[in-house]
1. Does Arg32 meet the test of being farther than 25 Å from Pro141 by Cβ, over 18 Å from the mean Cα position of the chain (by Cα) and touching a residue at least 40 places away in the same chain (Cβ under 8 Å)?
2. Out of all the residues in the stretch 181-191, is one or more part of a strand (DSSP E or B), at pLDDT below 95, among the small types (Gly, Ala, Ser) and touching an Asp or Glu at 6+ places or on another chain (Cβ under 7 Å)?
3. Does Thr101 satisfy the criteria of being within 30 Å of Gly160 (Cα to Cα), surrounded by fewer than 22 Cβ atoms within 10 Å (Cβ to Cβ) and touching a residue at least 60 places away in the same chain (Cβ under 8 Å)?
4. Name the residues in the stretch 271-310 that are within 17 Å of His322 (Cα to Cα) and among the charged types (D, E, K, R), would you?
5. Could you check how many residues of the stretch 277-325 are in a loop (DSSP other than H, G, I, E, B) and either in contact (Cβ under 8 Å) with a residue 40 or more places away in the chain or within 21 Å of the chain's Cα centre (by Cα) (or both)?
6. What number goes with the only condition from (1) modelled with pLDDT under 95; (2) farther than 22 Å from Leu271 by Cβ that Thr151 does not pass?
7. What are the residues in the stretch 256-271 that are assigned to a strand (DSSP E or B) and of a type outside the set (A, V, I, L, M, F, W, C), if any?
Amino acid sequence: MSPFLRRHPSFRTDVFGHVPFPGHPEGIAIHRNVVYVGTHQDSSGLPNVPSHLYAYNRRGEITADFTIEGQNPTGQGILGLAVDHDGIVYILDRAPSRILTLDPRTRKQSVYAELPGVPPGPSELPSGGSADTPANEPPVPDDLVFAPDGTLYVTNLTQGMIWRVAPGGGSAEAWYTAPDLRSLFGPNGIRFLDHGRTLLFAQSAHELRDPSEIPNAHGLLYTLEIRRDGHPGRREIFWEGDIGETPDGFAIGCSGKIYVALALANAILVLSPEGREITRIPATPAENDRLDVPYDLPASVSFLGKKILVTNQAYFGGPSAHHAVLAIPVHERGRRLFRPRIRRL
């Protein structure tokens, strides 16, 4: 671990902006100078009101507030966010399980794709693989990323799965699954490591079944190849956490460094392009406690210039003062995300 990075005075954490009610920010996406942040819930399922998508300017001031339409009376919460070439925001909704599009200029919301779970029991996947899905785990979409051609890859937190949505939207297909990915908190953050052939995704908690075991959970980051025929290829472990280290969302810098939100550990893990730990921000729990707004289950990470922005979800009932977006100068820009032009069906 580099002592220089540990001591670097500009690896500080500032508050970019607070997130109003209903709070519990999860997803974040940035388009030009606009920062979009979505609200979720805490572990009890509260607040039981429609989710909001807030738009911030570069100074952390809210410039627009969008209420999500058509959500179920219970279980609301929006998770991952993405933006296409035209500035349309793609929103992962938990209840119902779907992808919405939002045009910030007209405020129009539309259903882009439905995200069905795989039925219980063994089944064949269109991608050529197979699944054996338990009955008691409903699908929960968590994060999404565009491929260069407009395909969306979407993680399914509870069913150990990655969906694929064809360019233009419609019905998602179960694209990749494996028994060891099933967990209460399974596949989570997802990004491309390269030019569209290698996915990197997080499994927040490895094979966790019992909620009482959450303090002992640990997660992993995996690479997953996409073959030329579009089917999933080889999966390999990129990084594995110790007990209490549960990766959520992450962002990749131009240098290849990976900035990972460690939810339970309340820190940002900085990895080398080879998956070796460089440093953590903050370095210790004591440093976190001294912050004006401490890390409280950090969720998603995105680049704004040479800073990373981190949503502070406060999932386990954290106070509203913790519902914020945190900012860390990291002295590099983020690797450009694919933002294709999409022709909608």
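1. For Arg32, the condition - farther than 25 Å from Pro141 by Cβ, over 18 Å from the mean Cα position of the chain (by Cα) and touching a residue at least 40 places away in the same chain (Cβ under 8 Å) - is met.
2. No, every residue in the stretch 181-191 fails to be part of a strand (DSSP E or B), at pLDDT below 95, among the small types (Gly, Ala, Ser) and touching an Asp or Glu at 6+ places or on another chain (Cβ under 7 Å).
3. Against the criterion (within 30 Å of Gly160 (Cα to Cα), surrounded by fewer than 22 Cβ atoms within 10 Å (Cβ to Cβ) and touching a residue at least 60 places away in the same chain (Cβ under 8 Å)), Thr101 qualifies.
4. Within the stretch 271-310, Glu287, Asp289, Arg290, Asp292, Asp296 meet the criteria.
5. Looking only at that region, the number is 18.
6. (1)
7. Hit for the stretch 256-271 is Tyr259, nothing else.
Per-residue answers, yes or no, for (1) hydrophobic (A, V, I, L, M, F, W, C); (2) assigned to a loop (DSSP other than H, G, I, E, B); (3) without any contact (Cβ under 8 Å) to a residue 60 or more places away in the chain:
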| position | (1), (2), (3) |
| --- | --- |
| Val37 | yes, no, no |
| Asp42 | no, yes, no |
| Val49 | yes, yes, yes |
| Tyr54 | no, no, yes |
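The values are calculated or read from the model by the stated rules, or taken from the named source; none is laboratory data. Note that the structure is a prediction, hence the values are computed from the model and not measured. Ideal geometry is used to build each Cβ from the backbone, glycine not excepted, and the neighbour counts take in all protein chains shown.
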